[in-house]
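This report concerns only the one structure given below.
The values are calculated or read from the model by the stated rules, or taken from the named source; none is laboratory data. Predicted model, so just to flag it, every value in this text is computed and none were measured. Note that each Cβ is placed from the backbone with ideal geometry, even for glycine, and that neighbours are counted across all protein chains shown.
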Amino acid sequence: MNQEPWISAVVTLSVPANDLASITPAKAHFTSAGFEVHAPLGSSFGIAGPKSLFESTFDRVLMVNDQELVTSVTTESGEADLPLDSLPESLRKVTESVRFIEPPPLVFG
């Protein structure tokens, strides 16, 4: 039985780090959608969940490369940024990006 990949992304808001009136509803939106939401660091916070949840929320097919030492995730077109179109307008207004973190280059030598 193949288990669905569990992936994560960073949500960066375009508001000051102390703007809890914007940060709290943004976190609540992702929690209500079924994501595991991590504590904010400044005006950014992490979200995690099954690949299918990301695909249905952001209306994109995702590619998970787990054949390397470090797993990477992109959209089908190779982008690390997820589109914000499917988010409610109130959330789009305060969201700078939802992005998969690219793995660091591995240097051997």
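The set of residues in segment 1-19 that are of a type in the set (S, T, N, Q), modelled with pLDDT of 90 or more and in a loop (DSSP other than H, G, I, E, B) comprises SER14, ASN18. Any chance segment 20-32 includes a residue that's over 12 Å from the mean Cα position of the chain (by Cα), assigned to a loop (DSSP other than H, G, I, E, B) and surrounded by fewer than 18 Cβ atoms within 10 Å (Cβ to Cβ)? Within segment 20-32, not a single residue is over 12 Å from the mean Cα position of the chain (by Cα), assigned to a loop (DSSP other than H, G, I, E, B) and surrounded by fewer than 18 Cβ atoms within 10 Å (Cβ to Cβ).
Which members of segment 87-109 meet the condition of being modelled with pLDDT of 90 or more and either in a strand (DSSP E or B) or touching a Ser or Thr at 6+ places or on another chain (Cβ under 7 Å) (or both)? Those that are modelled with pLDDT of 90 or more and either in a strand (DSSP E or B) or touching a Ser or Thr at 6+ places or on another chain (Cβ under 7 Å) (or both): LEU87, VAL94, THR95, GLU96, SER97, VAL98, ARG99, PHE100.
Would you tally the residues in segment 1-59 being among the aliphatic types (A, V, I, L, M) and closer than 27 Å to SER77 by Cα?
11
The set of residues in segment 33-61 that are at pLDDT below 95, on the phi < 0 side of the Ramachandran plot and either surrounded by fewer than 15 Cβ atoms within 10 Å (Cβ to Cβ) or in a helix (DSSP H, G or I) (or both) comprises ALA39, LEU41.
The lone criterion from (1) farther than 17 Å from ILE101 by Cα; (2) in a loop (DSSP other than H, G, I, E, B); (3) among the aliphatic types (A, V, I, L, M) left unmet by LEU84 is number (1). Of all residues in segment 12-29, those that are closer than 13 Å to LEU41 by Cβ have Cβ atoms under 8 Å from Cβ atoms of residues that are among the basic types (Lys, Arg), 6 or more apart or on another chain, in THR12/ARG99.
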